[in-house]
Every structure is written in C-alpha cells, then in structure tokens.
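What follows is a structure written as structure tokens; I'll ask about it next.
Just so it is clear, none of the values below were taken in a lab; they were calculated from the coordinates. It should be emphasised that the depicted structure is a prediction, and the values quoted were computed from it without experimental measurement. In this analysis, Cβ positions are derived from the backbone assuming ideal geometry, glycine residues included, and neighbour counts consider all displayed protein chains.
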Amino acid sequence: MELASRTSEISGGAGGLADALRQLGFTDYEAQAYLALTQSHPATAYEVAKQSGLPRANVYSVLRQLEMKGAIQPVTENPARYAPRDPEEFFGRYAQTTSALCREVADRVKSRSRPHENTYVWYYEGDDDVRDKVRSLINEAQESVWIKAPDTLIRPHLADLKRAAEHGVQVILVVYGQDIAGLKVHPKMNVMLHEGDGIIRGAADVLFTMSTDFSGVMVATHHPEHGANASYARNRAIVYVIQTLLLHEFYLAEMYAKIGPLLDETFGKELARLRKKYRPAGMERRVLDGT
C-alpha cells in the first residue's frame, strides 16, 4: 500500500509530470524512475526502486536507458549512485534536437508528397485563421489578386495589398460601400464600386470572394454572431467559375461607369427587374443566418 501510494504521488500528484514525460518519449518505467530520482538524489538503483515502487530487477536497465538519453548521470561508482542532469539544459537540448528532427522529417515527407490539389477544398474557421489565410494568399501572389467584398473586410489587408501592387501584382477590388477612396493605397490598384454604387444587397456585407494567380479561389463568410469560415480550392473547374464571376463583376462595374442611366432605365434601378426575374426567393437566408 505504501509503495502504491508513493507511485501515485509521483505520477499524478506531481502535476501530471509522468504523463508529460511519456509524451516526450519516456516509457512508463523511465518516467517513474526519473521523477523518483528528481525527488531524492544521488540515489542507488535500490533507492530509486524503493522510492518509485518499480521492481528492483527492472530499475537497473531503466537507469541505463535514462543515462543513454542524457537525462541522468552516475556520480559515484561503489555503489553506483545517480543524479538527474540539469533539467533546463537536458530538456532545452532535447527540444532543439526534436525540433530539428521534426523539421527534417517534415521537409523529407513534403518532398515525397505529390498531392493532387485539384481534388482538395481546404476549410478555415475563425476570424484569425481566415484573415491569416487571406494574408498569406496576398503575400504569395505573383500575378493577380482579385477581391469582391465590403470595404470593412478589405481594410485589414490594405498593407499587404499595397505591397503586392508595389511588386507588380495586378490588384482589382470590387467593393461594397461608399468610401472607396481610402482603399486605393497604390496608383496601380483598380478599385471599383459594385454595380456602380457599392450599395449592399442581400448577404453582400458578410461575403468575401477572392482569386489569386488564376490558380486558387477563396470564399469566406464573416458572420457577426457565428464568426468567420472560409473554403479555399485549387480545383480548376471551381477556380474557373469564381474567376468568371469576378470578371463579370468587373464588366458590370465598367458598364455602370459608362452607361449607368441607360441600364437603370432598361432594367430598373439596381437591376431590379432582372433580380425579380431570376433571383430565387430567400437566396441569402442561409448565409445571413450563418447556417
């Protein structure tokens, strides 16, 4: 009973240290022996067995394994007594070695991997993850960044968009909102109001649509209650559909800039007659509800 109580104290009462050591690659016996030694040292194998509750016959080999790991060291010979090495030094070195090994393995696995990106759709959830993905896409763009979104969702990315334009990337923004002058942070950026007036309709105030380098597209929803979520795809068919959608937004913005009054006269203000003719009832409901 006494030995079982002592083992429990080391494994659980020490703030789950044994579990943490197991996650770092220690066996159960190594974790118990190491924690026993840290409580009282220097100690012989017999003393470690008594303190930890481990079978004495196993402790000798366990201590040798801990010595090979560099976690402990012998400090006397007859009898052999052991003491833990400085934990900051040992675990610091262990962290560096493990980190370097993980980087090497990741690089080697990546070099062997041949993913068929045409089949994947990546999902991002939460404001930070979605914004980080948008930021990385802008910063990695080599040819183009096309965005259709309300001005409030574009403003957090203006610094990155400016750098992209400075590097010769084509930046085109179709914007919902009225204050677009502040969005043109570089003379080569093309910023246009959606359908000539930037008026928000339906679910437009929560949607963010983006294409980069004619090879990837992202569609995000920034719901005020449910937070942000987004899907990113490199599937050629999906990319083509989203790029075509954005291209038609550019065409429509240019047409409104040239013949806006004629379009209003022909199809109604804000294309009302066309919307009534083709737009399904409740089309935006699921987006606005965040479902």
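Tyr82's amide H: which non-local residues (gap 5+, or another chain) put their own amide H closer than 5 Å, with H modeled 1.01 Å from N in plane and none for Pro or chain starts?
The list, which skips near neighbours in sequence, is Ala43, Thr44, Val75.
Okay, next question. Hey, what do the phi angles of the range 209-222 turn into as Karplus ³J(HN,Hα) couplings, whole Hz, using 6.51/-1.76/1.60 and θ = phi - 60°, x for Gly and Pro?
10, 8, 9, 10, 6, 6, 9, x, 9, 9, 10, 10, 10, 10
State the answer as a single residue: which of Met210, Asn190, Gly168 lies farthest towards the positive end of the charge dipole of the range 158-214, with beta carbon charges of +1 for Lys and Arg and -1 for Asp and Glu, about the Cα centre.
The one lying farthest along the dipole's positive direction is Gly168.
Mind pulling the angle between the C-alpha long axis of helix 236-267 and the longest principal axis of the chain? Nearest 10 degrees, somewhere in 0 to 90.
Approximately 30 degrees, to the nearest 10.
Further question on the same structure: Please work out the FRET efficiency for the pair Arg64 and Arg22, using the Cβ-Cβ distance as r and a Förster radius of 22 Å; give the result to the nearest 0.05.
For R0 = 22 Å, the calculated efficiency reads 0.70.
Using the Cα centre of the chain as the reference point, and only Cβ charges (+1 on K/R, -1 on D/E), how large is the resulting charge dipole? Debye, rounded to the nearest 20.
With only Lys, Arg, Asp and Glu charged at Cβ, the dipole is about 760 debye.
What stretch of the chain, leaving out the sites themselves, is the longest with no GluC sites (Glu not before Pro) in a DSSP loop having at most 12 other Cβ atoms within 10 Å?
144-224
Moving on to the next point. Net charge within 14 Å of Pro261 by Cβ-Cβ distance, Lys/Arg positive one each and Asp/Glu negative one each, not counting Pro261 itself?
Summing Lys/Arg as +1 and Asp/Glu as -1 gives -3.
Same structure, new question: Multiply the residue separation of Lys258 and Thr152 by 0.36 nm, subtract the distance between their alpha-carbon atoms, and state the gained length in nm to one decimal.
Full extension from Lys258 to Thr152 adds 35.5 nm.
While we're here: Between Gln243 and Ala281, what is the FRET efficiency for a Förster distance of 25 Å, r being their Cβ-Cβ separation, to the nearest 0.05?
Result of the calculation: an efficiency of 0.35.
For Cα extents along the principal axes in Å, one of (i) 65, 36, 33; (ii) 102, 41, 35; (iii) 56, 38, 34 was computed from the structure I shared and the rest are decoys. Which label?
(ii)
Another question, if that's okay. Exposure proxy check: Thr76, Thr44 ranked by fewest other beta carbons within 10 Å?
Going from least to most buried by this count: Thr76, Thr44.
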